[in-house]
Structures are given as C-alpha cells and as structure tokens.
1. Name every residue in the range 164-179 that is touching a residue at least 60 places away in the same chain (Cβ under 8 Å) and either touching a strand residue (DSSP E or B) at 6+ places or on another chain (Cβ under 6 Å) or more than 21 Å from residue 40 (Cα to Cα) (or both), in order of residue number.
2. So residue 142 passes all but one of these: (1) closer than 18 Å to residue 83 by Cβ; (2) surrounded by 16 or more Cβ atoms within 10 Å (Cβ to Cβ). Which condition number does it fail?
3. State whether one or more residues within the range 87-96 are modelled with pLDDT of 90 or more, touching a Gly at 6+ places or on another chain (Cβ under 6 Å) and not aromatic (Phe, Trp, Tyr).
4. Could you tell me which numbered condition residue 112 fails, if it satisfies all but one of (1) in contact with a Pro (Cβ under 7 Å, 6 or more places away or on another chain); (2) closer than 25 Å to residue 186 by Cβ; (3) without any contact (Cβ under 8 Å) to a residue 40 or more places away in the chain?
5. How many residues are of a type outside the set (Phe, Trp, Tyr) and part of a helix (DSSP H, G or I) when one looks only at the range 108-131?
6. Looking only at the range 151-187, which residues are part of a helix (DSSP H, G or I) and open to solvent by less than 50 Å² (accessible area, probe 1.4 Å)?
7. Of all residues in the range 33-71 being within 18 Å of the chain's Cα centre (by Cα) and of a type in the set (Phe, Trp, Tyr), which is farthest from residue 5 (Cα to Cα)?
8. Restricting to the range 120-130, give me the number of residues that are in contact with a Leu (Cβ under 7 Å, 6 or more places away or on another chain) and surrounded by fewer than 19 Cβ atoms within 10 Å (Cβ to Cβ).
Amino acid sequence: MTAALEFRSVSKTFNRGRRAVKALNEVSFSISEGEVFGFVGPNGAGKSTTIKVMLDVINDYQGEVTLYGVNARNAKARTGVAYVPEAPALYEQLTPLEVLRMALSIYGIRRADRDAWCLEWLERLSVAHVAKRRIRQLSKGTVQRVALAHALVVEPKLLVLDEPLSGLDPVGRKDVIDILERYKKAGGAIFFTS
C-alpha cells in the first residue's frame, strides 16, 4: 500500500548570516491512510519547516518526500491534500459560506447541492449560524472552525493541520476532535503539529 505521506532522510539547512542552522536533520517517517501522525516539539524544532517541505513551499532540501507515491516537488502530489495553518488567513470581506464555495471552486469540485454541502460542513463545525456574516466579524476560534470546514468541504485524502486546537474553547476542541476522529475512520490521513 502506498503511504499517504512519506519523508525519507530529509534535511534542510538555512543560512543565517555567516552561520548555518539545520532545521531538519535526516527526518524520516511514513503515514498511512486512516492514520493520525502528531509532530510534537518546541518552537524551532522544525515543525513548520516540515509542513513547508511537504507542501513544496520549501523545495531546496535533501532527501525525498512523497504524497501518495508522487514526489512532493510535483504539483500533482498535492491533489487531495488540504492544509489549515495555525493562524488561518481567510478573506475577511467574505462570509464562511463564500469561503467554502471558493474552496470547492479552487479544487474544481462541482456539486448540484453546493450550498447545502457547504452549510452541512459549517453545521458540523457548529458555525452555520454565522454562515452569512463577514469573516472579520468572527472570533479567532470561530475563524479556526471555518478554516477547518474550508479544508474538509473538499474531502481531502490527507489533512495537514498546524496547531489545530489553537484558539478553540473546550467545547470547540471536543467538536474538532470528534470530527477528526470520523475523518480518520473514513480513511483520511492526518498530519498535525503541536
């Protein structure tokens, strides 16, 4: 079976003036479908660098990274991958419903029930009541939930989450954990940092 995500001896060094800083040193791991992989460490441990490498934001590294068997340097590797950053940057003038519609459009997903599908995801994340309010009017925790709905509405095979519970209250954390558990049981792979 092909791994959802695989790092093989990945190293990345940044030049900081006259000194070299090794952000990743021979990192190797593999994630299968239906698996949750937590990448835990202190600030500066290389968590964000790892995400940037897998998403081809950083591509001058040593080693090999594949997503479902396709080299991460190939844009096709990210088909079926959704990413939620720690501090989501959603268009503030849009509504959550418009943000989810945009996700479907960007991924080329056409659904006859587009709005109902988007509202269903907003409902699952307990934010349907703000579906038509502007993002700029929402709390940090609500925006975090909208960002997660934005990622899940496209039904990705691999979900990449940077600090997924950041800004959420205890009820929000439980809701998100339950949704991620169902996603995992349905065969989705999850890579998250904390």
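The values are calculated or read from the model by the stated rules, or taken from the named source; none is laboratory data. Since this is a predicted model, take the numbers as computed values, not measurements. All Cβ positions, glycine included, derive from the backbone under ideal geometry; neighbour counts span all protein chains shown. Ligands, DNA and RNA are stripped out before the accessible areas are found, and what is left, the full protein with its side chains, is counted by its heavy atoms. Shrake-Rupley method; radii C 1.70, N 1.55, O 1.52, S 1.80 Å.
1. So the first thing to find is which residues in the range 164-179 are touching a residue at least 60 places away in the same chain (Cβ under 8 Å), and the list is 164, 166.
Within the range 164-179, 164 is the sole residue that qualifies.
2. So residue 142 meets the others, but not (1).
3. no
4. Unmet for residue 112, out of (1) in contact with a Pro (Cβ under 7 Å, 6 or more places away or on another chain); (2) closer than 25 Å to residue 186 by Cβ; (3) without any contact (Cβ under 8 Å) to a residue 40 or more places away in the chain: (1).
5. The first filter runs over the range 108-131 and keeps only residues of a type outside the set (Phe, Trp, Tyr), leaving 108-116, 118-120, 122-131.
Those still in the list that are part of a helix (DSSP H, G or I) too: 114-116, 118-120, 122-124, 128-130.
Matching residues across the range 108-131 total 12.
6. Start the filter on the range 151-187 by keeping residues that are part of a helix (DSSP H, G or I), which leaves 151-152, 170-185.
151, 152, 172, 175, 176, 179, 180, 183 - these are the residues of the range 151-187 that are part of a helix (DSSP H, G or I) and open to solvent by less than 50 Å² (accessible area, probe 1.4 Å).
7. Filtering first and then ranking leaves 39.
8. 1
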